Structures are given as structure tokens and as C-alpha cells.
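Engineer: Got a structure for you, questions after.
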Amino acid sequence: MNASETSDTSDTTSTPDTPDTSGPAVTPFSALIRTASHEAHTEAESSTFMGDLLGGRLGIEAYARYTEQLWFVYEALEADAGRLAADPVAGPFVRPELLRRTALERDLAHLRGPGWRDSLTALPATLAYAERVAECARTWPGGYVAHHYTRYLGDLSGGQIIRDRAERAWGFGRKGDGVRFYVFEDIANPAAFKRGYRELLDGVRADDLEKQRIVAECKRAFALNTGVFGALGEEFPLSA
Ligand code: HEM
């Protein structure tokens, strides 16, 4: 659903004798990364776990377990955000209004109770994901951008569908504790924010080769998400 179909229109500057390999030079990077990750997005989106969760076939326990996994990922994404804010490549993306860890912690306190930290455990697939994010945060700002994009732009997009279903299924109240992770209180206009974010992607300080690496890391980020969904699907198989 990441609308790669819209990206074709942007390639109007290429000439007939320009080979396809010149794509990254003429296609805005935001369109390139969106199109390149389209297939991986469809795969993540159509995982059994997500389908069952959105289809109302799983209980609140599965939702809570998923929220716990997200905590590990955002811990890795946000622990180093202060330092990365000064980085010329990753810095422009690091925005306080995106930070999710506090919201996740409120959700977990609601879902699991005040002692939520005591029972918090990461699935092996989640550990692999969080470790890769942390590694990029430490050593490769471009890779960090790939993970940043995959999570935050997704949360601002499809995440809103998850919020809507969770609110209705488990009565958290509109935008209340339990779904705060999906509520970006300081982003009044998500569509405008996403447009601005895509402009940041278009202006990312990276040459074509580095952009290709970022796209590859984005695909890896999607695969890591799919891995977490797979593990959650095993933990919450449908009995029906
Ligand atoms: C059932 C699950 C999902 C649904 C229903 C869903 C739905 C959507 C929709 C409707 C959009 C387009 C929004 C727009 O054009 O403004 C979108 C975009 C996006 N989604 Fe998902 N999504 C899901 C899962 C995921 C997952 C697991 C990830 C990765 C962690 C993800 C990452 C993204 C990203 C990065 C975008 C932005 C694409 C772009 O415009 O560049 N989504 N999603």
C-alpha cells in the first residue's frame, strides 16, 4: 500500500537513451526508496500475524506482546538520537516530535501494569532487529536513515490503521493509553509532515552508491519487521 504507482510520474527528465541504471540520479530519492521497498512492504503488511491482528482474530495479549517488541526497536532507534541529531546525514531526520519511547512506555504501563519492565522480553527476531538498528545508529548514519524511514513513516501511515482497530477492539479510548504509540501529538498535519519528510529524503547527503546502500538497508529493515511478525505469529497461532 505504499503507492509506488505514483512514482512513475516523477521520471520525466530521463531521455530515451538514458539506461535504467541512471534512475537514482533522476528519480527523487523519496520515490526511489518507496518504490524499491514496495514489495517488502506488501510482504510485511500481509503477514499472518498482522492480518489476524487487524482482522480482530487475536486478543489484547497479542497486541501487548507486539507493543513490547516495539519498545526494543524504539529503544535502539532513540537511545542515540541526541548524538545523531548533530550528524550531517542523519541529523535532519531526528525530530523530537517523532520520538516514541515515552508513548510506548505509557502504553505498556496500561497494558501490563506498573511493573511492565519486569516481564518485558524480546523475541530473538526482535533482538536481531534492535541490534541491527543499534549498529547502524553507532556506525552508519545512512543505514540509520533507512531504519528511521521504515519505522516512523510507516507509523504515520499504516500505523494509523492499527490504532483505529486497537481502539475499537479493546476500548482504549480515542488516542488514549494503549495506543499512544500511534498518536503523534506534536504533529498536527501528518500529511504535510510526510511531505516534508520526503523532501528531507530527497536532499539526503549521500551519493548514488550510498543511496543504493540505504535502499538495501530499508529492504533489510522491512525483512526484520517481517521476521518479528513471523515470530509473533508462532507465539499466537490461531486455534480456529
Ligand atoms: C498491516 C500493516 C500495514 C498497513 C495496513 C500499512 C499501510 C500503509 C499505507 C496505507 C501506507 C501509505 C500511506 C501514504 O501514502 O501516505 C503505508 C506507507 C508506509 N508503510 Fe505501511 N502498512 C503496514 C505495515 C507496515 C510495516 C510493518 C512497515 C515497516 C515497519 C511499514 C512501513 C511503511 C512506510 C515506510 C510507508 C511510507 C512509504 C512512503 O510513502 O515512502 N508499513 N503503509
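Engineer: Evaluate the following for residue 174: is it surrounded by fewer than 16 Cβ atoms within 10 Å (Cβ to Cβ), in contact with a helix residue (DSSP H, G or I) (Cβ under 9 Å, 6 or more places away or on another chain), in contact (Cβ under 8 Å) with a residue 24 or more places away in the chain and assigned to a loop (DSSP other than H, G, I, E, B)? Lay out the reasoning, then the answer.
Structural biologist: On the way: surrounded by fewer than 16 Cβ atoms within 10 Å (Cβ to Cβ): yes; in contact with a helix residue (DSSP H, G or I) (Cβ under 9 Å, 6 or more places away or on another chain): yes; in contact (Cβ under 8 Å) with a residue 24 or more places away in the chain: no; assigned to a loop (DSSP other than H, G, I, E, B): yes.
Against the criterion (surrounded by fewer than 16 Cβ atoms within 10 Å (Cβ to Cβ), in contact with a helix residue (DSSP H, G or I) (Cβ under 9 Å, 6 or more places away or on another chain), in contact (Cβ under 8 Å) with a residue 24 or more places away in the chain and assigned to a loop (DSSP other than H, G, I, E, B)), residue 174 does not qualify.
Engineer: Further, regarding this structure: Go through the stretch 114-155 and give me each residue that's open to solvent by less than 20 Å² (accessible area, probe 1.4 Å) and modelled with pLDDT under 95.
Structural biologist: Matches in the stretch 114-155: none.
Engineer: Further question on the same structure: From 44, 86, 90, 79, grab the single residue that is away from the ligand (no atom under 11 Å from the Cβ), surrounded by 18 or more Cβ atoms within 10 Å (Cβ to Cβ) and of a type in the set (Gly, Ala, Ser). Walk me through it before giving the result.
Structural biologist: Details: 44 fails: away from the ligand (no atom under 11 Å from the Cβ); 86 fails: surrounded by 18 or more Cβ atoms within 10 Å (Cβ to Cβ); 79 fails: surrounded by 18 or more Cβ atoms within 10 Å (Cβ to Cβ).
After ruling out the rest, the residue left standing is 90.
Engineer: Same structure, new question: Which pairs turn up if I take residues in the stretch 158-171 that are away from the ligand (no atom under 12 Å from the Cβ) and look for partners that are open to solvent by 50 Å² or more (accessible area, probe 1.4 Å) with beta carbon separation below 8 Å, at least 6 apart in sequence or on another chain?
Structural biologist: 167/174; 167/175; 169/56; 169/60; 170/60
Engineer: Take the residues in the stretch 141-157 that are aromatic (Phe, Trp, Tyr) and touching a Cys at 6+ places or on another chain (Cβ under 8 Å); name whichever of them is nearest to the ligand (Cβ to nearest atom). Walk me through it before giving the result.
Structural biologist: First, the residues of the stretch 141-157 that are aromatic (Phe, Trp, Tyr): 144, 149, 152.
After this cut, where a residue has to be touching a Cys at 6+ places or on another chain (Cβ under 8 Å) as well, the list is 144, 149.
Working: 144: 15, 149: 6 Å.
By that ranking, first place goes to 149.
Engineer: Residues that are touching a Ser or Thr at 6+ places or on another chain (Cβ under 6 Å) and either more than 10 Å from the ligand (Cβ to nearest atom) or within 24 Å of residue 80 (Cα to Cα) (or both): does the stretch 207-216 have at least one? Explain how you work it out, then say what you get.
Structural biologist: If we filter the stretch 207-216 for residues that are touching a Ser or Thr at 6+ places or on another chain (Cβ under 6 Å), which is where we start, we get none.
Checking the stretch 207-216: not a single residue is touching a Ser or Thr at 6+ places or on another chain (Cβ under 6 Å) and either more than 10 Å from the ligand (Cβ to nearest atom) or within 24 Å of residue 80 (Cα to Cα) (or both).
Engineer: Right, next: Going by the structure shown, is residue 196 open to solvent by less than 50 Å² (accessible area, probe 1.4 Å) and either in a helix (DSSP H, G or I) or of a type in the set (Phe, Trp, Tyr) (or both)? Talk me through it step by step, then tell me what you get.
Structural biologist: Working: open to solvent by less than 50 Å² (accessible area, probe 1.4 Å): yes; either in a helix (DSSP H, G or I) or of a type in the set (Phe, Trp, Tyr) (or both): yes.
When the stated conditions are applied, residue 196 passes them.
Engineer: Quick one: would you say residue 67 is at pLDDT 95 or above, open to solvent by less than 30 Å² (accessible area, probe 1.4 Å), out of contact with any strand residue (DSSP E or B) (no Cβ under 9 Å at 6 or more places or on another chain) and part of a helix (DSSP H, G or I)?
Structural biologist: On the way: at pLDDT 95 or above: yes; open to solvent by less than 30 Å² (accessible area, probe 1.4 Å): yes; out of contact with any strand residue (DSSP E or B) (no Cβ under 9 Å at 6 or more places or on another chain): yes; part of a helix (DSSP H, G or I): yes.
Answer is yes for this residue.
Engineer: Further, regarding this structure: Could you check the stretch 32-52 and list, in sequence order, the residues that are closer than 23 Å to residue 64 by Cα, of a type in the set (Gly, Ala, Ser) and in contact with a Lys or Arg (Cβ under 9 Å, 6 or more places away or on another chain)? Walk me through how you get there before you give the answer.
Structural biologist: Filtering the stretch 32-52 for residues closer than 23 Å to residue 64 by Cα gives 41, 43-52.
Retained after the next criterion (residues that are of a type in the set (Gly, Ala, Ser)): 44, 46-47, 51.
Selection gives 51 alone.
The values are calculated or read from the model by the stated rules, or taken from the named source; none is laboratory data. As the structure is a computational prediction, the values presented were derived from the model and not from experiment. Cβ coordinates were reconstructed from backbone atoms using ideal geometry, including for glycine residues, and neighbour counts include every protein chain displayed. Heads up: the accessible areas ignore ligands, DNA and RNA and are worked out on the full protein's heavy atoms, side chains in. Shrake-Rupley method; radii C 1.70, N 1.55, O 1.52, S 1.80 Å.
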